[in-house]
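Visitor: Here it is: the structure, laid out below.
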Amino acid sequence: MRMNVFVIAALAFVSLVSVIDGSEHQPQLSEFVNDALFSSVSSKQPSQPQPLMVPITVINGAAAKGAVCLDGTSPAYHFHPGSGSGANSWLIHLEGGGWCNTIRNCVFRKTTRRGSFKFMEKTLPFTGILSNKPEENPDFFNWNRVKIRYCDGASFAGDSQNEANQLQFRGQKIWLAAIEELMSKGMQKANQALLSGCSAGGLASIIHCDEFGSMFPKSTKVKCLSDAGFFLDAVDVSGGHTLRNMFGGVVTLQCFFPQNLIQHVQTPLFLLNAAYDAWQVQESLAPHSADPSGSWNDCKANHARCNSSQIQFFQDFRNQMLNDVKDFSRSSPTGLFINSCFAHCQSERQDTWFADDSPLINDMPVAIAVGDWFFDRKTIKAIDCAYPCDTTCHNLVFNVARSTVVDSQYISESDDTSTTTTMIYSSQSSRLTFPALYLLSALFPTSMFLLHLRVEVLSRFFSHST
């Protein structure tokens, strides 16, 4: 089986983190996940039925296989069995939740739900693509539905450790242990399977898509869904390339950007993305490093406060996204749903997945688009008209509110009574940053270790691309 280049990248990342001294004070990679940073943005607040609450399951024997969270505890998942026509169908959803990029930050992370089983919620609501209600999730409601918890800090990839600080970077082993256990619970008999994920989990669904497909016989229909995982090598507001600059110290080839990788994914893949992705607006297009004066702060917090030139900048970003998926969209097995919203992660939230007022493209909600594509009912290449034509968006609005600092980490809180989204910034910084591989390469551009690593990654890439 051909090794995926993203897996090589993740291995490189965890190797770097494992050798960096914990005293380094570097920008922190904060979580950017739907349930942590956002509350529903809607003018309507109707009463909603209670979602299905699903208990946690520890992966049996994972620790003995070396498949452990950052702190050495066992990884876990939430599983709701299928029934009826969905009894032999499986949906595996990879949780998102940012990255840790230094020993100090990873040490802190292992005291949170993103790094330790001890701090994970023991039940989770299954909404959106995980809902068990046909009126909320028409095509997948009765499937076997699984949410794999994210606790390795590196998008379910990598295999390394830092003994001095008792950190385990075992994402690849967690992924394999979870899939092995689910196979033993009946997934090996699946007649159809869908691997999905949101944000960091959406990136992971691209990383593991072909690997996931190779685990089933050819008779099994296997596809993948990446939600908000399409991070672009884009020009920032200063004219630079924030992500490329962070990335360039490790490898000169830009093959780690999804825009360059998707052409090589052989398993059918669906890209669900907002054309004005809220994370990328905040941290790739107008990060603090590119806008130290803060002239973009109001605009990136609320698109309604943008002037005409700022809106045009976002339109250029959208045009790049559409251009970058042009070749991908020509392949018949692929699917697209790119709506012109300021959003991030639309498959997990009920209001954006399938509801009376969910976002639409040509009167089609996200859930119907994904279902039609998976079941080959229609060819789905749904690309929205440019902002501001779409009046169905659930746009995200960021308001600077009270701030809390815990060991230089960002703490987010949501106000359930608010009709807009509140984002809590650190009082020390308002920056969120991108995957650690990029950040580390920018911080240590002359490192001999990175120079050696770059050669190693390139040689492995070429050896596995033939």
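Visitor: What's the extension gain from Asp316 to Cys389 if we count 0.36 nm per residue and subtract their Cα-Cα distance? Numbers along the way, then the final one.
Guide: Values: separation 73, 0.36 × 73 = 26.28 nm, distance 1.61 nm.
The span from Asp316 to Cys389 would gain 24.7 nm if fully extended.
Visitor: Specify the inter-centroid distance of the range 185-246 and the range 326-363, based on alpha-carbon positions, in whole Å.
Guide: If you average the Cα positions of each part, the centres end up 15 Å apart.
Visitor: Quick one: which residues, 5+ away or cross-chain, put their amide H under 5 Å from the amide H of Ala157? H built at 1.01 Å from N.
Guide: Close amide H contacts, sequence-distant or interchain: Gly171, Gln172.
Visitor: Counting Lys and Arg as +1 and Asp and Glu as -1, what is the net charge of the other residues whose Cβ lies under 9 Å from the Cβ of Phe117? Display every interim value, and only then the final one.
Guide: On the way: positive: Arg113, Lys118, Arg149; negative: Asp71.
Local charge sum for Phe117: +2.
Visitor: Each residue of the range 325-335 in turn: what ³J(HN,Hα) in whole Hz from Karplus with 6.51, -1.76, 1.60 and θ = phi - 60°, glycine and Pro shown as x?
Guide: Residue by residue, the range 325-335 yields 9, 4, 5, 4, 5, 6, 6, 4, x, 7, x Hz.
Visitor: Which ³J(HN,Hα) values, rounded to whole Hz and listed in residue order, are derived for the range 165-175 from phi using the Karplus coefficients 6.51, -1.76 and 1.60 in 6.51 cos²θ - 1.76 cosθ + 1.60 with θ = phi - 60°, glycine and proline given as x?
Guide: Here the 3J(HN,Hα) series is 10, 6, 10, 10, 10, 10, x, 5, 5, 4, 4 Hz.
Visitor: Based only on other Cβ atoms within 10 Å, what is the fewest-to-most ordering of Cys389, Cys224, Cys106?
Guide: Cys389, Cys224, Cys106
Visitor: In square nanometres, what is the average projected area of the Cα convex hull of the range 145-209?
Guide: Orientation-averaged projected area of the Cα hull: 4.8 nm².
Visitor: Using a 10 Å cut-off around each Cβ, can you sort Arg305, Arg109, Arg318 from fewest to most neighbouring Cβ atoms?
Guide: On the way: Arg305 13, Arg109 29, Arg318 19.
Ascending number of Cβ neighbours within 10 Å: Arg305, Arg318, Arg109.
Visitor: Taking H placed 1.01 Å from N in the peptide plane, check which residues at least 5 places from Gln192 or on another chain put their amide H under 5 Å from its amide H.
Guide: Trp90, Lys221
Visitor: Run the reach check for Lys218 against lysines, Cα to Cα strictly under 17 Å, same-chain hits fewer than 8 apart removed. What comes back?
Guide: Result set, ordered by chain and number: Lys189.
Visitor: OK, next. Give Lys122/Lys378; Lys65/Lys185; Lys173/Lys378; Lys118/Lys221; Lys300/Lys378; Lys173/Lys326 a once-over and call out the pairs whose C-alpha atoms are over 27 Å from each other.
Guide: Over 27 Å apart, Cα to Cα: Lys122/Lys378; Lys173/Lys378; Lys118/Lys221; Lys300/Lys378; Lys173/Lys326.
Visitor: Whole-Hz Karplus ³J(HN,Hα) for the range 304-312, in order, using 6.51 cos²θ - 1.76 cosθ + 1.60 and θ = phi - 60°, x for Gly and Pro?
Guide: Running phi through 6.51 cos²θ - 1.76 cosθ + 1.60 with θ = phi - 60° gives 5, 9, 7, 7, 5, 6, 5, 4, 5 Hz.
Bear in mind these aren't lab numbers, they're just calculated from the coordinates by the rules spelled out. This one's a predicted model, so the numbers in the text were calculated from it and none came from an experiment. No Cβ is skipped: glycine too gets one built from the backbone with ideal geometry, and neighbour counts run over all protein chains shown.
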